[in-house]
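Enquirer: The structure follows.
The values are calculated or read from the model by the stated rules, or taken from the named source; none is laboratory data. The shown structure was predicted, so the numbers you read here are calculated from the model rather than taken from an experiment. Note: ideal-geometry Cβ built from the backbone for every residue, glycine included; neighbour counts use all protein chains shown. The protein model used for the area step is the full one, side chains on, heavy atoms only, and it has no ligands, DNA or RNA in it. Shrake-Rupley method; radii C 1.70, N 1.55, O 1.52, S 1.80 Å.
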Amino acid sequence: MSKRGKIAFVGTGGTISMSYNDRQGGFIPTETANSILGAVPDNYKENLEIIDWGHQPSSHYTIRMTVDLVQLLKKLVQDGINGIVVASGTDALEEMAYLTDLLWPYPQPVIFTGSMLPIGVPGSDAASNLIQSLVAASCERLWGMGVLACLQDQLFAASEVAKEIGHRKDAFYAPGRGPIAEFVDGKIYVIRQPKRPPFLGHDINPVGKIAVLWATLGGGEEILSCIAECCDLDGIVLAGFGAGNVPPSWIKHLKPLIKKGLPVVITSRCHRGHTSIQYAYEGSTKKLLEMGVYDGGWLRPHQARLRLAVALGAGLKGETLQKYLRDEL
């Protein structure tokens with residue numbers, strides 16, 4: 001049967017698919033994509049392709065699994081699908097959506113959504129988020145905007161969305177940016193066009209072994225020492241203080257890693273941070289860049305990790321890798 005003109009709904013698990021299990025004493029993923037859509041009125045399910053892809057909580061997903069999901073989404077568009085909704089766990093939603101956006105070459109929108117409460121719990125946000133996501137996936141005004149997250153009457157760019165709170169329904173925001181569109185009386189009002197990351201090409205296989213090391217008060221040296229002694233990584237992202245500065249005790253461990261050719265990226269651990277070369281002391285961004293560390297610029301640490309994974313999978317290195325990290329390609 002032809003998929004041309006249809007909207008696809010892909011269930012991947014997450015809180016939205018969970019129900020309470022008496023034996024386990026907590027919520028676990030049990031609901032299929034079809035049963036999740038039982039909360040949605042029939043008129044929103046007309047001309048809908050339903051794919052029950054996975055039943056995982058957010059913490060069980062990996063880069064490899066997300067890449068497999070992206071391959072499925074690409075195949076759906078190649079078969080004629082006009083838009084896609086992906087129901088996922090909210091804990092990893094911003095990472096899964098961002099990685100998908102890095103790998104997404106098509107104008108058709110991909111809308112990630114989820115819920116903070118399981119679908120059968122009184123007061124759940126699942127039905128509302130699902131309905132609005134299906135409307136968004138059908139909206140031609142969103143074509144070309146890439147991958148979006150639809151939650152609580154708002155649409156966020158995958159490159160901007162962040163989960164701020166773990167216990168309230170208004171958990172998501174876009175630091176310093178806000179939504180790219182909002183729902184008013186059931187209609188979508190587009191506010192602005194998001195800036196999308198560069199697309200590097202088809203059939204990229206992102207690497208998976210990239211660690212993120214956070215700068216903390218006098219901490220991190222022991223972990224970095226272990227990495228330096230038995231390094232089996234593809235790269236490291238440093239989440240530095242403020243403008244991207246790290247403890248000076250890290251330097252003696254970073255130098256041999258860089259000398260071996262391991263890509264190391266410096267970012268700020270601040271949600272609205274940016275690296276800066278205004279400081280010149282040991283461990284500053286300026287000194288790190290002089291050592292051969294790559295500059296992550298505006299990227300948040302988890303974004304730098306995913307972008308580095310894609311870049312290395314595409315074979316980028318040196319100046320080209322640096323330009324990709326800084327959106328200068």
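Enquirer: Within the stretch 6-19, does at least one residue satisfy the condition of being small (G, A, S), in contact (Cβ under 8 Å) with a residue 12 or more places away in the chain and at positive phi?
Expert: For the stretch 6-19, residues small (G, A, S), in contact (Cβ under 8 Å) with a residue 12 or more places away in the chain and at positive phi: present.
Enquirer: Scanning the stretch 216-232 for residues that are part of a loop (DSSP other than H, G, I, E, B) and hydrophobic (A, V, I, L, M, F, W, C), which turns out most open to solvent (accessible area, probe 1.4 Å)?
Expert: L217
Enquirer: Consider the stretch 128-172. How many of its residues are open to solvent by 30 Å² or more (accessible area, probe 1.4 Å) and either closer than 30 Å to N21 by Cβ or not in a loop (DSSP other than H, G, I, E, B) (or both)?
Expert: Residues meeting the conditions: 14.
Enquirer: Which residue pairs have Cβ atoms under 6 Å apart, sit 6 or more places apart or on different chains, and have a first residue in the stretch 220-246 that is closer than 14 Å to G296 by Cβ and a second that is part of a loop (DSSP other than H, G, I, E, B) and open to solvent by 50 Å² or more (accessible area, probe 1.4 Å)?
Expert: Listed pairs, sorted by first residue: A239/R269.
Enquirer: Here's a follow-up. Looking at the stretch 186-194, is at least one residue without any contact (Cβ under 8 Å) to a residue 40 or more places away in the chain, open to solvent by 10 Å² or more (accessible area, probe 1.4 Å), basic (K, R) and not in a strand (DSSP E or B)?
Expert: yes
Enquirer: I50 passes all but one of (1) buried (at least 23 other Cβ atoms within 10 Å of the Cβ); (2) more than 20 Å from the chain's Cα centre (by Cα); (3) among the β-branched types (V, I, T); which number fails?
Expert: Just one mismatch for I50, condition (1).
Enquirer: Just checking, how many residues over the stretch 1-38 are surrounded by fewer than 18 Cβ atoms within 10 Å (Cβ to Cβ) and more than 20 Å from V77 (Cβ to Cβ)?
Expert: 15
Enquirer: Can you pull out the residues in the stretch 255-285 that are in contact with a strand residue (DSSP E or B) (Cβ under 9 Å, 6 or more places away or on another chain), assigned to a helix (DSSP H, G or I) and surrounded by fewer than 23 Cβ atoms within 10 Å (Cβ to Cβ)?
Expert: L257, I258
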